[in-house]
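Here is the structure we will look at.
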Amino acid sequence: MMDEQDRFLDPELGETEQNQEVVLRPSNFSEYIGQKRVVENIDVMVESAKMRSQSMDHILLSGPPGLGKTSLAMLIADALGTQLHVVSGPAIEKKGDLAAVLTNLSPRDVLFIDEIHRMHITVEEILYSAMEDYRLDILIGQGPSARTMQIDLPAFTLVGATTRSGLLSRPLRERFMGDLHFDFYPPADLSRIIEMNARKLEVKLDTKAQMMMAECSRGTPRIANRILRRVRDFALVKREDSIAVETVERGLEMMEIDYCGLDRMDRKILQVIQDYYAGGPVGIEALCATLSEDRSTIEDVYEPYLLKEGFLLRTPRGREISEKARLHLTSPVNHGHR
């Protein structure tokens, strides 16, 4: 079984990658490429908060991982001239953990909670009064002698990020004034991101190489940056002064990424359905057993992109591969991955 954290095209950010990612994050709104509707909404909210000299309204950022939600939270705090506090939903295990974070905030600070949908419901309930009334309601004691203690909080802005917005409870969702969804990036936007970050890495690359990397990045800036760094390493080892199409092709072949952005496991899923089940339909449990993979890994890590790009079809009878997938598997260009 392949560990999903070992997957090169996994849009989740690994622990060892965090320092490298910081260098490539946009430093201001002018560097933030794409997600125009989201950025326009946030720009209005930021300017309104500054004109009122008050905290900005709470916002929820939803969408697949790797699309720039954390970067945008950093830019919001910077634009407001306040401090950003970053915590992860799964890391907040007890009410006291969240209370400690909230009481450490200063007026108009930004609290960014990543994977907010993974917070335990009992911890989440503390946020209700904190978001609405800037107040902590803490129950002290048990039974008849129990009493509620209220702690006033400074006015702050909560920015929640989620990849599974449907898992958020209704009471929590209703307390966000802005609910903004991130979409996958078109290749043109990814190409601009790669061009900008190549300059930060002091890498020379031509336009065709730039677009080739963009088209293999699955609509995700984090994956585009990862491919750029890997191809940069390949060119450096080969002592090449600049990155050309041939360099990208050789680098992608080593990474087993094809011209549609599919990796070895993506192609294996499609190939198994074609070879073992005549193209489908096949039930998810049977498919998982054949692939020796966990169901959640197939559904959460591999299927979304295959479904989005039309390689895989979900029907009432099971999974089927599309005509696009059949052509892709038999394409001479795909043999050898490029």
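The values are calculated or read from the model by the stated rules, or taken from the named source; none is laboratory data. These numbers come from a predicted model, not from an experiment. Positions of Cβ are backbone-derived with ideal geometry, glycine not excepted, and every protein chain shown enters the neighbour counts.
Does segment 326-333 include one or more residues that are on the phi > 0 side of the Ramachandran plot and surrounded by 18 or more Cβ atoms within 10 Å (Cβ to Cβ)? Within segment 326-333 (the criterion being on the phi > 0 side of the Ramachandran plot and surrounded by 18 or more Cβ atoms within 10 Å (Cβ to Cβ)), the answer is no, since none of the residues qualifies. Taken over segment 89-103, the residue count meeting the criterion of being more than 17 Å from A73 (Cβ to Cβ), within 24 Å of the chain's Cα centre (by Cα) and surrounded by fewer than 19 Cβ atoms within 10 Å (Cβ to Cβ) is 2.
Exactly one residue out of T330, T290 is at pLDDT below 90, outside the structural domain of G219 (by TED's automatic domain parsing) and farther than 20 Å from G66 by Cα, and it is T330. Within segment 168-186, residues that are assigned to a loop (DSSP other than H, G, I, E, B) reach partners that are among the charged types (D, E, K, R) with beta carbons closer than 6 Å, at six or more positions or on different chains, in the pairs M177/D57. Each residue in segment 304-319 was checked for being under 27 Å from the mean Cα position of the chain (by Cα) and either touching a residue at least 40 places away in the same chain (Cβ under 8 Å) or not in a strand (DSSP E or B) (or both), and 10 pass.
Test S106 against the criterion of being over 21 Å from N41 (Cα atoms) and under 20 Å from the mean Cα position of the chain (by Cα), and give yes or no. When the stated conditions are applied, S106 does not pass them. Candidates D133, D57: the one that is closer than 27 Å to E31 by Cβ and not hydroxyl-bearing (S, T, Y) is D57.
Exactly one residue out of H120, H85 is in the same structural domain as M51 (by TED's automatic domain parsing), surrounded by 13 or more Cβ atoms within 10 Å (Cβ to Cβ) and modelled with pLDDT of 95 or more: that is H85.
The set of residues in segment 133-150 being more than 20 Å from L80 (Cα to Cα) and either assigned to a loop (DSSP other than H, G, I, E, B) or of a type in the set (D, E) (or both) consists of D133, D137, G141, Q142, A146.
When the residues of segment 133-155 are filtered to those that are at pLDDT below 75 and surrounded by 10 or more Cβ atoms within 10 Å (Cβ to Cβ), the one that is farthest from M56 (Cα to Cα) is G141. The residue that is farthest from I194 (Cα to Cα), among those in segment 210-242 that are under 19 Å from the mean Cα position of the chain (by Cα) and among the small types (G, A, S), is G219. Restrict the check to segment 45-61 and report whether at least one residue is buried (at least 16 other Cβ atoms within 10 Å of the Cβ) and among the hydroxyl-bearing types (S, T, Y). Yes; the residues of segment 45-61 include at least one that is buried (at least 16 other Cβ atoms within 10 Å of the Cβ) and among the hydroxyl-bearing types (S, T, Y). Of all the numbered requirements in (1) in a loop (DSSP other than H, G, I, E, B); (2) touching a residue at least 60 places away in the same chain (Cβ under 8 Å), S106 misses one, and that requirement is (2). Could you please let me know if L158 is in contact (Cβ under 8 Å) with a residue 24 or more places away in the chain, part of a strand (DSSP E or B), more than 26 Å from G219 (Cβ to Cβ) and out of contact with any Ser or Thr (no Cβ under 6 Å at 6 or more places or on another chain)? Against the criterion (in contact (Cβ under 8 Å) with a residue 24 or more places away in the chain, part of a strand (DSSP E or B), more than 26 Å from G219 (Cβ to Cβ) and out of contact with any Ser or Thr (no Cβ under 6 Å at 6 or more places or on another chain)), L158 qualifies.
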